[in-house]
Structures are given as C-alpha cells and as structure tokens.
Amino acid sequence: MRMFARVMSMRRSIHRWAVGLVAFTVNMQGFAEQVVFSHQGALYHSITDGKQPGLFVYEKSKQKGASDFLPPKRIGDAVQGLTVALSDGKIHLVSPGCEHTLDPEKGLVLKRKIQLPGSPPSPSLWTLADYNGDGHTDVIVFSQTAADAKARIFYGRADGSHADAFVLRADGKDFDSSGIRSPHFVNLDDDDDLDLICLDAGGRIIYYENSNTNSEPLYAAGRILVADALRSMTPFDWDRDSLPDLMVETKEGKIGWMKQSARAKEGPPVFTQPDFLVP
C-alpha cells in the first residue's frame, strides 16, 4: 500500500508539472514573435512566424490624408530572437550572438558576431546595455528554457571581450526570465540609472525599478504597469519630449505608441492608452 501511495503521489506530481508546462507553452505560442520599432521617422515591424514572416517598413506619407504612414512594404527576412536595445544613445538591433544594422532597402544586415565566454543558454533573448555605467557595453542574456529561467550579465571590457557571467537579481532573488519578451534597460524614472522593463508571458508590461545606483544596480520586485496583453513593446521617445514612450503592438495587431505622461523620481512611470499609428 505504501508503494502504491508513493507511485500515485509521483504520478500526480508529474501530472501537475506537465499541465503547467503545457499551459506555459500554449501561452507562449499565443504570441507570434514580433518586434516593432521606429528609425528615422519610419516604423519597422519584424515578424518571424505566421502567414507573412519578414521585416516590414511603414514609411511616412508625404501627402495629407487619413493616415500618416503608407501601407507596409516587405524589405527583407526577419531574424529569430530580435531585440531592440537602447544603449549609448543609439538603437542596437540584437539577436542571439549577433548585432545587426538596418538597411532601408535590404533589411537586417549582420554587423558583428558577439562572442561570450562559456555556452550561453539556448533559446534565449540577448540585449545590450551599459549595465554598470562604466562606459562599456554589456550583454544581458535572458534564458527562455523552463529548466534554466535566469538572466545573465556579461560585463564588457575595453578590448571588446566580455567577463564571465553573473546572474541578474531582482527583489533579492534570481530574476525569473520565464516567458518574458521585449526586455529593455532604460532610465524611466529620471534618476540617471537604468531600470528594467519587459513583457511577461501574458503580454503585460512589467517594471523593475533600479533602487540603487547606476554603477551598482539593485532591482526591486516587478510591478505591473499595463495589464493589457501586448505582442511587443519598445521604449522610444516618439514625441521628442525627452521622456521614453513605448512603441507597442496589441494582440489584435494594431501598432501605436503609449506616451509617458508622468515622470518622477518617486514611483513608477505612467503611460497613456495606445495612440494607434497604423491600422
């Protein structure tokens, strides 16, 4: 009887683990891997799956009309795991192991390979930031595996190499990167250090405040800024008022921007509802 009870208990545990894994997988599959960002006045939309994968551009219309942008034009293939990093005042287009440049006619072009020590987890999302404010660009790798849901930071050195990884922490424990998308390090609360903002597996915008300094970041527990389900999110100062806004795509596929309407040294940033730019 004891052996039977242990077997049944083990089966129940395996069942709960399997149900949780299936639910996580279904939740992740509900979102196509997409990225929306702005560059030189145009909007770019990267789609890696679905019926029409590719990199598309919405160019500004030169004629007055109902829409400010022309219909999308495909300019190249999309890249798996693309992220848009805001570092040293520039936009960096990053995928696992690579940095890309944007050619308005050819799409994404490989700029350089990013070499890191060890074997970073795969699949994963990579982004760039001067994490510790020393003037060198660091690489942050967010694991997308259920068995290793951590984020690792590789400090950049003056010679272009990177130090061994250490694990990102938030609220005093290892950061849980399960299912996150659109990770960005950006100064959102006007205190000259980098906060972390991302989408969780359900598409909600989560904000992690850097409660310490630029050189020694300490991240607080995540706070939900927007509970609506979004496909993608990229910080960008769309209205040029020196406050980072958010370029977003809704679950219905609408592209727009969310203005940062309030910024203070105390409390999280506040964003308006999306102002849609294209249908």
For the stretch 138-268: accessible area per residue (Å², 1.4 Å): 42
What distance in nm separates the two pseudo spin-label positions at Arg240 and Asn212, each 7 Å out from Cα along the beta-carbon direction? 3.8
Would you mind estimating how fast the stretch 169-260 diffuses translationally, via Stokes-Einstein at 37 °C and 0.692 mPa s with the Kirkwood radius over Cα pairs, in µm²/s? 241
Mind running the shape call on the stretch 143-215? Use the C-alpha gyration tensor, a ≥ b ≥ c as the square roots of the eigenvalues: rounded below 1.5 for a/c, prolate if a/b tops b/c, oblate otherwise. oblate
Label the stretch 50-147 by shape, choosing from rounded, prolate and oblate, from the square roots a ≥ b ≥ c of the eigenvalues of the Cα gyration tensor; if a/c is under 1.5 it is rounded, and otherwise prolate applies when a/b is larger than b/c, oblate when it is not. prolate
How big is the shadow of the Cα convex hull of the stretch 122-279, averaged over all directions, in nm²? 9.7
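Stretch Phe166-Gln40 to full length: gain in nm at 0.36 nm per residue minus the Cα-Cα span?
Full-extension gain reported as 41.8 nm.
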Below 28 Å, Cα to Cα, which lysines can Lys150 reach? Residues fewer than 8 away in the same chain don't count. Lys90, Lys111, Lys113, Lys173, Lys251
Excluding residues fewer than 8 positions from Lys62 in its own chain, the lysines with Cα under 25 Å of it are Lys73, Lys106, Lys254, Lys259
Loop-located GluC sites (Glu not before Pro) in the stretch 188-279, at most 11 other Cβ atoms within 10 Å (DSSP): Glu252, Glu266
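The values are calculated or read from the model by the stated rules, or taken from the named source; none is laboratory data. Just so it is clear, the structure is predicted and the values come from calculations on it, not from any experiment. Positions of Cβ are backbone-derived with ideal geometry, glycine not excepted, and every protein chain shown enters the neighbour counts. Please note that ligands, DNA and RNA were not included when accessible areas were found on the heavy atoms of the full protein model with its side chains. Shrake-Rupley method; radii C 1.70, N 1.55, O 1.52, S 1.80 Å.
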